[in-house]
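Report on one structure; see the data block that follows.
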Amino acid sequence: MTDAESSIRADHRRIREELGLRVRAALDRGTRDDLDGLVAMLEGDLLSHARAEQEHLYPVVDALVRDHGRATETMAIDHDAIAGQVTRVAGQVERLRGATGRAERIAARTALREALLGLETLLGVHLEKEERVYLPLVERHLAPAEQAALLERMHQRAAPADGQDIDVTAIPQRERHPRIFATFDRLAVGASFVLVSDHDPRPLRYQLEAKHPGAFRWEYLERGPRWRVRIGREAMG
């Protein structure tokens with residue numbers, strides 16, 4: 001790691017740590033000093049760092065990306081972060097559904113609210129970047145026929161191949177049902193996928209019946225110790 005890279009990474013680490021401490025102090029204690037210190041750090045250290053990067057680092061990076069990089073790589077990182085946040089939201093939804101006591105429900109709702117606010121903020125910035133930078137480039141520099149072809153490719157929803165296996169034992173517990181529901185949502189009418197599990201996935205069937213009544217079919221292909229179920233879409237809904 002070069003001196004420049006090491007120094008910039010250290011600045012980022014320091015800003016993250018200080019911001020985290022000041023945010024927690026402002027939210028937990030909320031004294032005048034806590035609030036004033038948070039605003040001073042944001043308006044001073046954070047924004048001055050951002051200006052320095054924009055004035056000096058980014059012009060250098062622009063040239064390096066043209067010669068050696070990929071301009072959309074940072075947006076792909078955004079997509080990874082959005083997917084991770086979606087998983088956190090789904091996990092908190094499941095936690096809230098399973099909560100029993102009042103204190104547990106309050107904690108679950110608070111965690112879900114924080115996850116949703118994080119997703120909303122992250123997605124808002126990501127979409128703003130696409131709309132201010134990428135879409136004007138497409139409009140100015142792609143012919144109408146090329147734009148139409150691009151839209152057609154984007155709107156073709158990638159459905160899994162008929163009979164494709166989804167082995168949930170290889171997927172973290174909290175990600176399983178969101179992944180399965182997302183796969184089902186992408187199915188065309190008449191298409192299907194095969195769910196592989198180490199237990200009877202009957203609770204999933206109940207959830208599908210609640211979310212998509214009459215729109216799916218459920219066929220056991222193998223019953224224990226490995227369970228295989230073909231799930232197909234019968235209708236949209």
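Of note:
- LEU117 falls short of the stated requirement of being open to solvent by less than 90 Å² (accessible area, probe 1.4 Å), touching a residue at least 40 places away in the same chain (Cβ under 8 Å), part of a helix (DSSP H, G or I) and not acidic (Asp, Glu).
- Every residue from segment 88-114 that is loosely packed, with under 11 Cβ neighbours inside 10 Å and either touching a residue at least 60 places away in the same chain (Cβ under 8 Å) or outside any helix (DSSP H, G or I) (or both): THR100, GLY101
- Count of residues meeting criterion [among the hydroxyl-bearing types (Ser, Thr, Tyr) and in contact with a helix residue (DSSP H, G or I) (Cβ under 9 Å, 6 or more places away or on another chain)] in segment 170-184: 0
- Residue match in segment 187-202 (condition: modelled with pLDDT of 80 or more, among the small types (Gly, Ala, Ser) and in contact with a helix residue (DSSP H, G or I) (Cβ under 9 Å, 6 or more places away or on another chain)): yes
- Of all residues in segment 178-237, those satisfying the criterion of being free of Cβ contacts under 8 Å to residues at least 12 places away in the same chain and closer than 24 Å to GLY84 by Cα are ALA182, ASP185.
- Against the list (1) within 30 Å of ILE180 (Cβ to Cβ); (2) in contact (Cβ under 8 Å) with a residue 24 or more places away in the chain, the condition HIS49 fails is (1).
- Among the residues of segment 60-71, some residue qualifies, meaning at least one is among the acidic types (Asp, Glu) and exposed (fewer than 10 other Cβ atoms within 10 Å of the Cβ).
The values are calculated or read from the model by the stated rules, or taken from the named source; none is laboratory data. Everything numeric here is computed off the predicted structure, so don't read it as measured data. Backbone-built Cβ (ideal geometry, glycine too); neighbour counts: all protein chains shown. All accessible areas refer to the heavy atoms of the entire protein, side chains included, with ligands and DNA or RNA removed. Shrake-Rupley method; radii C 1.70, N 1.55, O 1.52, S 1.80 Å.
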